[in-house]
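Structure first, commentary second.
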Amino acid sequence: MNFISLKINFPQSFVTFAERMGLREKYANRKLLKAEAAFRHQPKIPSLESVKKVGIIWEPDEKEAYRYLKEYFTEKGAAVNALCVYYNNVEFATDTNSLTPKELDWLKFPKEGKITHFTEKQYDLLLNIALHQNITLDFVTLTTRAKFKVGWSPNEKNYFDLNINISQNQDALFLAKQQIFYLAQLNQKTSK
């Protein structure tokens with residue numbers, strides 16, 4: 001009886017052991033670096049007026065910022081596709097794609113095929129409004145096919161073409177407005 005119970009609990013025990021030893025994070029970062037090497041990304045600053053396809057990565061607490069960006073780009077005639085990343089079992093948004101804890105592997109990467117409907121689309125612009133980046137969000141940002149990627153991370157190593165520092169005001173709506181502001185500023189500088 002004890003032997004059977006040990007077999008059943010082995011995967012969870014291993015995950016706990018790997019987490020305590022820091023192995024999970026090390027292995028996940030290694031896997032992320034391999035994924036990065038496989039992707040070729042040449043950033044191209046989009047004109048806010050010519051953006052036709054926008055991808056938004058967000059978390060449930062950032063619903064107001066998500067709605068702000070969705071409304072902003074929809075009014076400009078752009079198609080908006082979003083991916084909401086959940087870390088707890090909460091009510092799911094009905095107007096967006098989602099990624100739940102059950103759809104992540106033990107390293108916190110999305111399981112095979114769970115996000116391809118989002119990442120394989122060719123976006124003019126990808127906006128990540130998550131306030132706390134982690135391995136899951138890094139992987140989604142890295143693998144999403146977008147001409148230009150914008151977000152915020154305090155980490156020097158991130159997957160944004162434009163990393164907006166909001167460390168003094170960590171608010172998703174503020175980040176969303178800053179993303180649009182800085183894109184407009186870049187448009188002015190590149191159009192001269």
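The values are calculated or read from the model by the stated rules, or taken from the named source; none is laboratory data. No experiment lies behind these values; they were computed from the predicted model shown. Backbone-built Cβ (ideal geometry, glycine too); neighbour counts: all protein chains shown.
Regarding the range 41-48, can at least one residue be identified that is in contact (Cβ under 8 Å) with a residue 24 or more places away in the chain and either within 13 Å of LEU137 (Cβ to Cβ) or crowded, with 20+ Cβ neighbours inside 10 Å (or both)? Yes, the range 41-48 contains at least one residue that is in contact (Cβ under 8 Å) with a residue 24 or more places away in the chain and either within 13 Å of LEU137 (Cβ to Cβ) or crowded, with 20+ Cβ neighbours inside 10 Å (or both).
Looking at the range 55-75, which of the residues that are assigned to a helix (DSSP H, G or I) and among the aliphatic types (A, V, I, L, M) is farthest from ASP124 (Cα to Cα)?
ALA65
Note on the range 154-192: residues that are modelled with pLDDT under 95, among the small types (Gly, Ala, Ser) and part of a helix (DSSP H, G or I) amount to 2.
Restrict the check to the range 78-95 and report whether at least one residue is over 13 Å from the mean Cα position of the chain (by Cα), at pLDDT 90 or above and either crowded, with 17+ Cβ neighbours inside 10 Å or assigned to a loop (DSSP other than H, G, I, E, B) (or both). There is at least one residue in the range 78-95 that is over 13 Å from the mean Cα position of the chain (by Cα), at pLDDT 90 or above and either crowded, with 17+ Cβ neighbours inside 10 Å or assigned to a loop (DSSP other than H, G, I, E, B) (or both).
Taking the range 129-145 as the range and being closer than 16 Å to ALA38 by Cβ and aliphatic (A, V, I, L, M) as the test, the residues that pass are VAL140, LEU142.
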